[in-house]
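Read the structure below first, then the notes.
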Amino acid sequence: MLQKTAYKFRAYPDPEQDRLFRQTAGCCRLVYNLCLEQRRLERLRSNPRRLTATSQINELKDLKAAAPFLKDVPHHPLQQAIRDLDRAFQNFFDKRAAYPKPRTRFRHESFRYPDPLQIKLDRDGQRIFLPKAGWVRLRIHREIVGDVKNVTISRQGTWWFVSIAVEQEIDKPDLKVGSTTGIDLGVANAIATSDGEVFDLPRINAQEQRQLAAIQKTIARRAKGSKNRLKAILRLRRLQARHARRRADAKHKATSRLVRDHAVIVVEDLKVRN
């Protein structure tokens with residue numbers, strides 16, 4: 001059977017690659033938002049035409065003629081942004097998600113290279129080749145097993161990360177025989193099992209709360225659009241990204257232990273989003 005795995009590594013782009021990454025993420029947001037607005041306006045027409053991912057991708061050529069700066073970034077990530085929008089609408093029509101919203105800066109800082117033929121991975125040299133960016137240095141801290149399918153570049157705080165999705169053929173796993181447990185998701189205690197074990201995820205302490213409040217106050221006092229306000233926003237993003245990574249690490253360790261120690265895990269039917 002086929003198994004899909006994603007490996008996430010810290011990237012160390014040079015200044016020119018960093019500029020290209022930021023420009024590509026911005027262009028992908030622009031294309032996504034323009035296609036979203038096009039679909040919204042098309043539905044208001046008396047005789048609307050059916051827009052699909054393929055039809056909007058075919059119109060990218062005209063869009064690049066009107067906005068020449070789109071030619072400076074790789075083409076496939078722009079196509080992938082349109083396919084992401086099409087999947088978002090499909091989830092909306094299937095009642096799995098809300099109506100798609102526009103993508104914003106500082107919140108949507110990622111893009112994807114979907115074509116594995118354009119990607120070269122140098123495991124020994126700890127680097128990866130990406131279209132128009134060239135060889136990008138990575139910190140590969142674990143072995144990568146499988147064939148590369150796509151690569152996603154994302155920004156957290158002021159750091160860039162590369163997520164490499166691979167696919168490999170494995171033997172069908174045997175059903176695990178062991179104990180059964182139930183888990184309860186809460187606020188005071190993040191995860192509590194029926195065996196009485198409690199997993200607490202790291203929380204922001206008093207000192208970190210004061211740091212967040214001070215940076216947020218600085219942002220509120222800076223003029224919108226100024227460089228000093230942007231610097232304060234980047235400091236806030238770095239601090240929030242550090243907290244998110246710490247909490248995600250604890251969550252992955254807790255869930256991995258539960259899966260490793262129990263054959264059956266029962267979870268309450270609860271709307272966690274609420």
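The values are calculated or read from the model by the stated rules, or taken from the named source; none is laboratory data. Keep in mind that this is a model prediction, so the values were computed, not measured. When we count neighbours, we look across all protein chains shown, and the Cβ atoms used for this are built from the backbone with ideal geometry, even at glycine. These accessible areas exclude ligands, DNA and RNA; they are computed on the full protein's heavy atoms, side chains included. Shrake-Rupley method; radii C 1.70, N 1.55, O 1.52, S 1.80 Å.
How large is the dipole of segment 217-267 about the Cα centre if only Lys and Arg carry +1 and Asp and Glu carry -1, each at its Cβ, rounded to the nearest 20 debye?
Working: 18 positive and 2 negative charges, 138 e Å.
That gives a dipole near 660 debye.
What are the GluC sites (Glu not before Pro) within segment 114-215 that DSSP puts in a loop, where the Cβ has at most 13 other Cβ atoms within 10 Å? Present the calculation step by step, with values, prior to reporting the outcome.
Numbers: sites: Glu143, Glu167, Glu169, Glu197, Glu208; in loops: Glu143, Glu197.
Hits after loop and neighbour filter: Glu143.
Which shape class applies to segment 108-220: rounded if a/c is under 1.5, otherwise prolate when a/b exceeds b/c and oblate if not, where a ≥ b ≥ c are the square roots of the Cα gyration tensor eigenvalues? Can you show the working numbers first?
Details: a/c = 3.00, a/b = 1.17, b/c = 2.56.
Judged from the Cα gyration tensor, segment 108-220 comes out oblate (a/c at least 1.5, b/c at or above a/b).
Got a sec to turn the phi values of segment 125-139 into Karplus ³J(HN,Hα) couplings, 6.51 cos²θ - 1.76 cosθ + 1.60 with θ = phi - 60°, whole Hz, x for Gly and Pro?
x, 6, 7, 9, 9, 10, x, 6, 9, x, 7, 10, 6, 10, 10
Compare Arg245, Arg50, Arg112 in a GNM of the chain, Cα atoms joined below 10 Å, and give the one with the largest fluctuation.
Arg50
I'd like the per residue volume of the convex hull spanned by the Cα atoms of segment 9-151, given in cubic angstrom. All intermediate terms of the calculation are to be shown ahead of the outcome.
Numbers: hull volume 20.1 nm³, N = 143.
Spread over its residues, the Cα hull of segment 9-151 gives 141 Å³ apiece.
Which of rounded, prolate, oblate describes segment 224-274, given a ≥ b ≥ c as roots of the alpha-carbon gyration tensor eigenvalues and a/c under 1.5 marking rounded, otherwise prolate only if a/b is larger than b/c?
Values: a/c = 8.43, a/b = 2.54, b/c = 3.32.
Verdict is oblate for segment 224-274.
Whole-Hz Karplus ³J(HN,Hα) for segment 182-197, in order, using 6.51 cos²θ - 1.76 cosθ + 1.60 and θ = phi - 60°, x for Gly and Pro?
x, 10, 10, 9, x, 9, 5, 10, 4, 9, 10, 9, 5, 7, x, 7
Quick check: residue separation of Lys227 and Val259 times 0.36 nm, minus the Cα distance between them. What number comes out in nm? List each step's numbers first, then the result.
Working: separation 32, 0.36 × 32 = 11.52 nm, distance 4.72 nm.
That pair, Lys227 and Val259, stretches by 6.8 nm at full extension.
If you roll a 1.4 Å probe over segment 22-161 with all protein chains in place, what percent of the accessible area is carbon or sulfur?
On the way: 3960 of 8290 Å².
C and S atoms contribute 48 percent here.
About its Cα centre, what dipole magnitude does segment 1-84 give when the only charges are +1 on Lys and Arg Cβ and -1 on Asp and Glu Cβ, stated in debye to the nearest 20? Show your work: numbers first, answer last.
Working: 16 positive and 9 negative charges, 82 e Å.
Roughly 400 debye for segment 1-84.
If I take every Cα pair under 8 Å that is 6 or more residues apart in the chain, average their sequence separation and divide by the length, what percent do I get for the relative contact order? If you can, show how the numbers build up before the last one.
Details: 338 pairs, mean separation 57.9, N = 274.
Answer for the chain is 21 percent.
Put +1 on the Cβ of every Lys and Arg and -1 on every Asp and Glu Cβ in segment 1-107; which of Leu30, Leu44, Leu60 then has its Cα farthest towards the positive end of the dipole?
Leu44
Say each of Glu197 and Asp171 gets a label point 7 Å from the Cα, pointing the same way as Cα to Cβ; how far apart are those two points in nm?
A separation of 2.7 nm, rounded to one decimal place.
Kindly provide log₁₀ I(q)/I(0) values, in the same order as q = 0.14, 0.15, 0.20 Å⁻¹, from the Debye equation applied to equal alpha-carbon scatterers of segment 179-274.
Debye curve over Cα of segment 179-274, log10 I(q)/I(0) at q = 0.14, 0.15, 0.20 Å⁻¹: -0.68, -0.73, -0.98.
Collect residues whose amide H, placed 1.01 Å from N in the peptide plane, falls under 5 Å from the amide H of Ala11; neighbours closer than 5 in sequence don't count.
Trp160, Phe161, Val162
Any idea of the accessible area per residue across segment 1-140, 1.4 Å probe, to the nearest Å²?
Working: 8550 Å² over 140 residues.
Per residue, segment 1-140 has 61 Å² of solvent-accessible surface.
Which percent of the accessible heavy-atom area of segment 167-240 goes to carbon and sulfur, probe 1.4 angstrom? Please report the intermediate quantities before stating the final value.
On the way: 2760 of 5390 Å².
About 51 percent, which is the carbon plus sulfur part of the accessible surface.
About its Cα centre, what dipole magnitude does the chain give when the only charges are +1 on Lys and Arg Cβ and -1 on Asp and Glu Cβ, stated in debye to the nearest 20?
Result for the chain is approximately 1780 debye, rounded to the nearest 20.
Which of the listed residues, Tyr12, Ala223, Pro202, is farthest toward the dipole's positive end in the chain, when Lys, Arg count +1 and Asp, Glu count -1 at the beta-carbon?
Checking the options against the dipole of the chain, the answer is Ala223.
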